[in-house]
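Colleague: Structure incoming, see below.
The values are calculated or read from the model by the stated rules, or taken from the named source; none is laboratory data. This is a predicted model, so every value here is computed, not measured. Backbone-built Cβ (ideal geometry, glycine too); neighbour counts: all protein chains shown.
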Amino acid sequence: MLPEIPIATRRQDRRGSAMADSKQAPRFVTPDLPSHPDDPTPDSAGELCAAEPNASGAAEARESPARTLARIVETSQTVLTGLILAFVFRAYQIEPFMIPTGSMAEALCGSHTTQLCRACGWEYNSDVISADRESRRRMAPDQLFCPNCHLRVSAEEAAPTLKAGDRIVVHKWCYDLPFFSPQPWDVIVFRDPANSQQNYIKRVVGLPGETVEIVDGDVFVDGRIRRKTRAAQAALWSVVFDQSFAPSPEAQSGKAPRWVSDAQPAGGADSAWTGLDSRVIRFQPTDGAAHAIRFNAEASREYLLDVCGYDRGSSGTPVSDVRLSAALTRNPQSSLEFELTRGEHVFVLALTEDHATLRHRRTDVDPAVDETLAECRVPFSLSATRQVEFEHVDYRVAARIDGRELLASRDEHYAPDLAGLRRESGGKAVALCIRAEGGRARLERLRLDRDVHYTYTPGRTRRAHAGNPFVLAAGEFFVLGDNSADSHDGREWFERSVNLNDGYRLGTVRRDQIVGQAALVYLPGLTPVVSGGTARMPDLGRVRFIR
């Protein structure tokens, strides 16, 4: 490479020479050329002196191609070094991947469509189908299904937006560090046991040396339920019904109402509770008695199932892990109760003037007596609005106010009977009730969500189901997809790659198959700039960390 002399140095040299010359008498050197009438005389010497810098500039201009080449070479070296570092970083640190399928929906979406429901305004995603295997062209399914209001529309009528799969960043080094290994509910990328050239993404539920069994939609490890982390649980909630997106009266015609009052079971208005079919539900006491609204049992038979809009349907299994949430505004004189019933267990979150209490009773004992599980002081005011959450998930009942968990059950109060669950066929539905008395109250953003329900499919599920626990050896992990009904995971694998040695067992992921931990959705599904066009733009509002 040609050495480059800093331009500033040359300029300093010229300035230095000029200063030195200025201390001496001016000297003019004339070229040794034949005499000519137009040759300069001493009177025009100043002009010749002024022309000297122009000669120097011309010399610099003649040198510029060399300097340009030097700069090009140096820039090329810098870019090449950057590319090498990028490839090294990609090979050993992080690597981008694209989600190809919907096995981890809704947390992570493969190629999918996005649709805005015309009846309730809920935006939902739906899996795409392949037009043919050769072209691998994707297209919308024949029918779309809104998970909030259950409206079904044809793809031709809906004209959904086709999107590419989410693009994610994977940490490749985190599990290579000493004392670091995959933890329960981590989302990992690993090589497909049946095809080492293909990568899968799933959630870890079983660790080396553990015994995994899926019963009643929940994961049990070594005979105890494996509860999800708070971050993982937040990613696994799916909407059942959001009152903020109540369907229009026309769309609701002929369907069972979601919330009904005790006074009017058929769905008519109660004099105390109003707005049951609107976004804001109000309670205005008319007497000293308590008045209740309930999630309609008829609607529950349709709604409290493992419904998945992404898959456009349901396996028809009742779900009992649910969360009821609402923005509550009340005056100090009012008392409210959020009640959740699962089988013989009844849980009540009671909010009085300045206290929150969690109670429990069993209806299969006589007499049925309320037991206080926990209580705390919670000040409410007439103008303050509090976000209240009441959930039953993984055989644990908890209450949160403004995002902070204040009350929860413990295993000595409420724990699963694994032997009894194995004998039962199908899950248990839950009943939900909100009761008020004393003073005015207002419920906004009333919403019901359900937890993931890990399914059993006859003929496909081969291991880790009820009565057939799966024991993991050293270095083996068990993984499941969030979209359980449409996930080909450790429950079902039946073939392996020739690259795996004889020590590999079907249904497991070995540590040497793990690529890394999924960390970030850096480029969510690309959306067409113009409907039907080829230009795409990212949905930057959905950039998020993976939990």
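Colleague: Going by the conditions given, is GLY426 outside the structural domain of PHE380 (by TED's automatic domain parsing) and at positive phi?
Modeller: For GLY426, the condition - outside the structural domain of PHE380 (by TED's automatic domain parsing) and at positive phi - is not met.
Colleague: Considering only region 505-535, state which residues are in contact with a helix residue (DSSP H, G or I) (Cβ under 6 Å, 6 or more places away or on another chain) and at pLDDT below 90.
Modeller: Within region 505-535, PRO524 is the sole residue that qualifies.
Colleague: On the given criteria, is SER320 modelled with pLDDT of 95 or more, polar (S, T, N, Q), surrounded by 14 or more Cβ atoms within 10 Å (Cβ to Cβ) and under 30 Å from ASP222 (Cα atoms)?
Modeller: It is false that SER320 is modelled with pLDDT of 95 or more, polar (S, T, N, Q), surrounded by 14 or more Cβ atoms within 10 Å (Cβ to Cβ) and under 30 Å from ASP222 (Cα atoms).
Colleague: Can you tell which of GLU492, GLU476 is among the charged types (D, E, K, R), in contact with a Pro (Cβ under 6 Å, 6 or more places away or on another chain) and at pLDDT 90 or above?
Modeller: Just one listed residue meets the conditions, GLU476.
Colleague: Same structure again: Answer yes or no as to whether GLU495 is among the acidic types (Asp, Glu), in contact (Cβ under 8 Å) with a residue 12 or more places away in the chain, surrounded by fewer than 20 Cβ atoms within 10 Å (Cβ to Cβ) and within 30 Å of LEU304 (Cα to Cα).
Modeller: Criteria not met by GLU495.
Colleague: Moving on to the next point. Take region 62-81 and flag every residue that is among the hydrophobic types (A, V, I, L, M, F, W, C) and in contact (Cβ under 8 Å) with a residue 40 or more places away in the chain.
Modeller: Once the filter is applied, which keeps residues that are among the hydrophobic types (A, V, I, L, M, F, W, C) and in contact (Cβ under 8 Å) with a residue 40 or more places away in the chain, region 62-81 yields ALA66, LEU69, ALA70, VAL73.
Conditions (1) without any contact (Cβ under 8 Å) to a residue 40 or more places away in the chain; (2) surrounded by fewer than 13 Cβ atoms within 10 Å (Cβ to Cβ); (3) within 27 Å of VAL204 (Cβ to Cβ), marked per residue:
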residue: ARG377; (1), (2), (3): yes, yes, no
residue: GLU391; (1), (2), (3): no, no, yes
residue: GLY426; (1), (2), (3): no, yes, no
residue: ILE434; (1), (2), (3): no, no, no
residue: GLU444; (1), (2), (3): no, no, no
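Colleague: Can you pull out the residues in region 109-160 that are modelled with pLDDT of 85 or more, of a type in the set (Ser, Thr, Tyr), closer than 21 Å to ALA485 by Cα and not in a loop (DSSP other than H, G, I, E, B)?
Modeller: The answer is THR113, THR114, TYR124, SER126.
Colleague: Could you tell me whether any residue of region 248-258 is in the same structural domain as LEU443 (by TED's automatic domain parsing), among the aliphatic types (A, V, I, L, M) and at pLDDT below 90?
Modeller: Yes - at least one qualifying residue is present in region 248-258.
Colleague: Moving on. Report, by residue number, each residue of region 342-372 that is within 33 Å of the chain's Cα centre (by Cα) and farther than 19 Å from SER325 by Cα.
Modeller: Residues satisfying the conditions are GLY343, HIS345.
Colleague: From the residues in region 165-188 that are among the hydrophobic types (A, V, I, L, M, F, W, C) and surrounded by fewer than 22 Cβ atoms within 10 Å (Cβ to Cβ), which one is nearest to VAL543 (Cα to Cα)?
Modeller: Of everything passing the filter in region 165-188, VAL169 is nearest to VAL543 (Cα to Cα).
Colleague: Here's another thing I want to ask about it. List the number of the failed condition for THR211; all other conditions in (1) hydroxyl-bearing (Ser, Thr, Tyr); (2) modelled with pLDDT under 95; (3) more than 25 Å from TYR124 (Cα to Cα) hold.
Modeller: Against the list (1) hydroxyl-bearing (Ser, Thr, Tyr); (2) modelled with pLDDT under 95; (3) more than 25 Å from TYR124 (Cα to Cα), THR211 comes up short only on (2).
Colleague: Hey, another quick one. Would you be able to say whether some residue in region 502-515 is in a helix (DSSP H, G or I) and either outside the structural domain of MET537 (by TED's automatic domain parsing) or acidic (Asp, Glu) (or both)?
Modeller: Yes - at least one qualifying residue is present in region 502-515.
Colleague: Checking ASP306 against (1) out of contact with any Asp or Glu (no Cβ under 7 Å at 6 or more places or on another chain); (2) in a strand (DSSP E or B); (3) crowded, with 20+ Cβ neighbours inside 10 Å; (4) at pLDDT 90 or above, which single condition isn't satisfied?
Modeller: (4)
Colleague: Which count do you get for residues in region 184-229 that are basic (Lys, Arg), over 14 Å from TYR454 (Cα atoms) and in contact (Cβ under 8 Å) with a residue 12 or more places away in the chain?
Modeller: The number of residues fulfilling the criteria is 1.
Colleague: Picking from LEU340, LEU358, LEU336, which residue would you name as being in contact with a His (Cβ under 7 Å, 6 or more places away or on another chain) and part of a strand (DSSP E or B)? Spell out how you get there, then give the answer.
Modeller: Working: LEU358 fails: in contact with a His (Cβ under 7 Å, 6 or more places away or on another chain); LEU336 fails: in contact with a His (Cβ under 7 Å, 6 or more places away or on another chain).
Within the list LEU340, LEU358, LEU336, the selection yields LEU340.
Colleague: Also, I was wondering about something else. Any residue in region 364-372 that is surrounded by 15 or more Cβ atoms within 10 Å (Cβ to Cβ), touching a Leu at 6+ places or on another chain (Cβ under 8 Å) and on the phi < 0 side of the Ramachandran plot?
Modeller: no
Colleague: Of a type in the set (S, T, N, Q), buried (at least 16 other Cβ atoms within 10 Å of the Cβ) and either at pLDDT 90 or above or assigned by TED's automatic domain parsing to the domain that holds ASP417 (or both): is that true of SER278 in this structure?
Modeller: So SER278 does not fit the description; no.
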